[in-house]
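Taken together, the values in this text are just the output of simple stated rules run on the coordinates, not laboratory data. In this text the structure is predicted, and so the values were computed from the model without any measurement. All Cβ positions, even for glycine, are placed from backbone atoms using ideal geometry, and neighbour counts span all protein chains on display.
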Amino acid sequence: MSKLVRATPKYRHHRATGQAVVTIQGRDFYLGPHGTKASKTEYDRLVGEWLSHGRIGAGPGATVAEFVAAYTRYAEGYYGKDSREWGCMKLFNAGGSSYSACNPQPRVGRRG
């Protein structure tokens, strides 16, 4: 993990507006008037949320790729690398399979 990802985002003063600001994954979040208890509480909430999600995503601006990466990490731990489900996840992430390849549908037709 790079040094930039390991570092905790800084609580800063945006001089032009007088607001407190924190930048998480390149996106600025304005927290309210700089130095107030409310702005520090909002900073703690945003950074805590970011940390609890494995240092990805921040509020409503998280990307689809970030969610896919987070789910992939979750699935690896939940299903295990030797499971059928994990094998399908690898195929989907590589773009080499469709849903039906991992979940074949039963044949429909006449019996007898």
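Figures for the structure shown
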| item | result |
| --- | --- |
| Net charge over other residues, Cβ less than 14 angstrom from the Cβ of residue 37 (K, R count +1; D, E count -1) | 0 |
| Residue order, fewest to most beta carbons within 10 Å, for 74, 43 | 74, 43 |
| Computed FRET value (nearest 0.05) for residue 30 with residue 83, which takes r as the C-beta separation and R₀ as 25 Å | 0.05 |
| Where labels lie 7 Å past Cα in the beta-carbon direction, separation of residue 23 and residue 44 in nm | 2.6 |
| Cut-off 18 Å, label 7 Å out along Cα→Cβ of residue 55, residues of the range 15-35 by amide N | 23-27 |
